[in-house]
Amino acid sequence: MDIVKISMLGIAGVLFGFMLKGTRPEYAFYVSFGVGILILMAAVSRLEYLYDLLKKMQSSLPIDDSYMTAILKMLGISYIGQFTSGICKDAGYGNIGNQIELFGKLAVMTVSMPILLGLLEAVNSFLG
């Protein structure tokens with residue numbers, strides 16, 4: 001039920017920011033930023049659970065440590081890129097937000113290349 005709490009926090013932040021936007025627009029951004037940080041902190045607390053699950057998967061399957069590290073890096077890049085892009089867009093700098101998203105996608109592709117190469121090698125060994 002944490003999603004309900006986070007959703008209510010988000011809605012409260014939006015409503016409060018909307019109220020401030022008419023009188024004090026400079027504070028509306030800070031409200032948006034603060035609520036975003038709180039939601040990001042809640043999401044980061046969930047990463048510990050995900051990390052434990054990945055470790056269990058790694059112990060039960062013969063998976064190289066570099067693959068798990070790459071998966072965690074891709075998750076981190078995705079979360080941070082999406083969060084910062086949203087902040088930029090909320091502040092009225094949509095172009096910078098789009099560039100951050102593009103860079104995040106390229107960074108995820110770069111980190112995932114060793115996994116893709118390992119997969120291609122595994123398929124090649126089955127075929128050859």
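Of the residues examined, S85 is one that is closer than 26 Å to D2 by Cβ and open to solvent by less than 50 Å² (accessible area, probe 1.4 Å). Pairing each residue of region 40-51 that is more than 12 Å from L75 (Cβ to Cβ) with any residue that is open to solvent by less than 100 Å² (accessible area, probe 1.4 Å) and of a type in the set (A, V, I, L, M, F, W, C), provided the two are 6+ apart or on different chains, yields C-beta distances under 8 Å for L40/F83; A42/I6.
Just name the residue that is nearest to V31 (Cα to Cα) out of those in region 88-100 that are crowded, with 16+ Cβ neighbours inside 10 Å and at pLDDT 90 or above. Step by step, filter region 88-100, then rank; the result is G97. If I ask for residues that are in contact (Cβ under 8 Å) with a residue 40 or more places away in the chain and within 20 Å of the chain's Cα centre (by Cα), which ones from region 1-39 would you list? If the condition is that a residue be in contact (Cβ under 8 Å) with a residue 40 or more places away in the chain and within 20 Å of the chain's Cα centre (by Cα), then D2, S32, F33, G36 are the ones that fit. If the condition is being within 30 Å of P25 (Cα to Cα) and open to solvent by 90 Å² or more (accessible area, probe 1.4 Å), then region 103-127 contributes only F103. Residues in region 56-82 that are open to solvent by 50 Å² or more (accessible area, probe 1.4 Å) and either farther than 26 Å from I115 by Cα or among the small types (G, A, S) (or both): S59, S60, S66, S78.
Within region 84-128, the residues that satisfy the criterion of being farther than 21 Å from V35 by Cα and among the hydroxyl-bearing types (S, T, Y) are T110, S112, S125.
The values are calculated or read from the model by the stated rules, or taken from the named source; none is laboratory data. The structure presented is a predicted model; accordingly, all values stated were derived computationally and were not measured. Because the Cβ atoms are built from the backbone with ideal geometry, glycine has one as well, and the counts that use them run over all protein chains shown. To get the accessible areas, we keep the full protein, side chains included, count just its heavy atoms, and leave off ligands, DNA and RNA. Shrake-Rupley method; radii C 1.70, N 1.55, O 1.52, S 1.80 Å.
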